[in-house]
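The values are calculated or read from the model by the stated rules, or taken from the named source; none is laboratory data. Remember, it's a predicted structure, so these values are computed and weren't measured experimentally. Heads up, the Cβs are rebuilt from the backbone with ideal geometry, glycines too, and the neighbour counts pull from every protein chain shown. Surface areas here come from the heavy atoms of the whole protein model, side chains and all, with no ligands, DNA or RNA. Shrake-Rupley method; radii C 1.70, N 1.55, O 1.52, S 1.80 Å.
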Amino acid sequence: MSIKAVVFDAYGTLYDIQSVAEITEDAFPGYGEIITQVWRIKQLEYTWLRSLMRRYEHFATVTRHSLAYTLRVLGIAYENDAFERVIEKYLHLDLYPDATAALAALRPRKLAILSNGSPDMLNALVRNSGLDALLDATISVDAKKIFKPSPDVYELIGEVLGTKPNEVLFVSSNPWDAAGAKSFGLKVAWIGRVTPEAMALACVENELVAPLTMFKAIRTQMDELGFAPDHRIRALSELPGIA
């Protein structure tokens with residue numbers, strides 16, 4: 001069956017999460033990299049914990065709490081202005097360089113984002129990056145009050161776009177998200193921006209593993225969950241060739 005809609009994860013897929021590193025380093029000199037990595041790890045962990053505890057909070061709140069945790073654990077004292085300046089970057093994350101052209105090339109299919117982001121965060125981010133001109137919908141998990149990879153979240157695609165699961169190509173660089181979408185029944189393209197060979201080399205070439213390398217080892221390789229993606233690609237620019 002032909003693909004009628006292409007739906008994208010936002011954070012780490014269309015938008016480069018690592019683009020917060022410059023502002024974290026500027027706000028907290030010498031700590032930028034480790035803040036960036038611990039923050040993201042805890043941010044994701046909090047979404048899963050809150051889903052399991054059935055204690056949903058907006059992703060904006062989760063993002064603030066995970067940053068506060070990170071600064072506390074690192075023993076960093078901070079002024080509110082510095083904290084808010086770092087948080088503000090989530091409304092201005094950098095697009096991956098090939099994102100806009102890839103989306104434009106996928107027309108006339110329906111295009112949408114399905115994200116953990118809260119509506120205010122997502123709408124501001126999409127508007128600030130100019131993707132609002134290309135997207136048919138920006139879908140937040142907030143409608144279900146639970147985070148990905150809950151099946152309830154992926155149901156939102158059909159509810160909003162009027163599609164069946166096998167008519168949708170879901171695109172994510174997050175392995176756990178790709179597995180969740182595949183488990184639900186969507187067609188899935190996983191973006192593996194870091195090759196297994198490069199990952200293995202980075203882990204053994206230094207006595208001490210850098211925070212960014214550790215983050216990549218935890219978050220960039222396909223998980224062993226029993227749900228393989230339909231397509232494995234290296235960049236968004238490859239999508240028009242498979243959709």
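Remark: relative contact order (the chain) = 25 percent; criterion is Cα-Cα distance under 8 angstrom and separation of 6 or more residues. Counting only GluC sites (Glu not before Pro) that DSSP places in a loop and that have at most 10 other Cβ atoms within 10 Å, the longest clean stretch of the chain runs over 80-204.
Annotation: amide H-H contacts under 5 Å for ASP94 (H modelled 1.01 Å from N, sequence separation of 5 or more, or interchain): ASP16, SER19.
The portion of the accessible surface of the stretch 151-243 made up by carbon and sulfur, rounded to a whole percent, is 55 (1.4 Å probe; DNA, RNA and ligands excluded). Between VAL141, THR163, ALA228, the Cα set farthest toward the positive side of the dipole of the chain (charges on each charged residue's Cβ, about the Cα centre) is that of THR163. Once phi is turned into θ = phi - 60°, what whole-Hz ³J(HN,Hα) does the Karplus curve with 6.51, -1.76 and 1.60 give for every residue of the stretch 188-195, x standing for Gly and Pro? Ordered by residue, 3J(HN,Hα) equals 10, 10, 9, 9, x, 6, 10, 6 Hz. Computed about the Cα centre, the dipole magnitude for the stretch 104-243 is approximately 300 debye when only Lys and Arg (+1) and Asp and Glu (-1) carry charge, each at its Cβ.
Taking 0.36 nm per residue of separation and subtracting the Cα-Cα distance, what length does fully extending ALA200 through ILE76 add?
41.4 nm
The chymotrypsin sites (Phe, Trp or Tyr not before Pro) of the stretch 14-105 that meet both conditions, a loop assignment by DSSP and at most 16 other Cβ atoms within 10 Å of the site Cβ, are TYR78.
Expressed as a whole percent, the proportion of Cα-Cα pairs in the stretch 6-55 lying more than 18 Å apart is 45%. Its alpha carbons considered, the stretch 157-239 gives a radius of gyration followed by a Dmax of 15.0, 52 Å. Taking the Cα centre of the chain as reference, the dipole from Cβ charges on Lys and Arg (+1) and Asp and Glu (-1) amounts to some 780 debye.
What per residue convex hull volume, in Å³, do the alpha-carbon atoms of the chain yield?
126
Within the stretch 37-91, which trypsin sites (Lys or Arg not before Pro) sit in a loop by DSSP and count at most 12 neighbouring Cβ atoms inside 10 Å? Passing both the DSSP loop test and the Cβ count: ARG54, ARG55. Taking all protein chains into account, the per residue accessible area for the chain stands at 46 Å² (1.4 Å probe).
Need one word for the stretch 1-116: rounded, prolate or oblate. Basis is the Cα gyration tensor (sqrt eigenvalues a ≥ b ≥ c); a/c below 1.5 gives rounded, then a/b vs b/c decides. Oblate, because a/c is 1.5 or more while a/b does not exceed b/c. For the pair GLU57 and ALA228, a Förster radius of 35 Å applied to the C-beta separation gives a FRET efficiency near 0.65, rounded to the nearest 0.05. Assuming a ≥ b ≥ c are the square roots of the Cα gyration tensor eigenvalues, decide whether the stretch 48-102 counts as rounded (a/c under 1.5), prolate (otherwise, with a/b larger than b/c) or oblate. The shape class here is oblate.
For the cross-link pairs LYS148/LYS182; LYS89/LYS187; LYS4/LYS187; LYS4/LYS182; LYS110/LYS164; LYS89/LYS182, which exceed 20 Å when the distance is taken from alpha carbon to alpha carbon? The answer is LYS89/LYS187; LYS89/LYS182.
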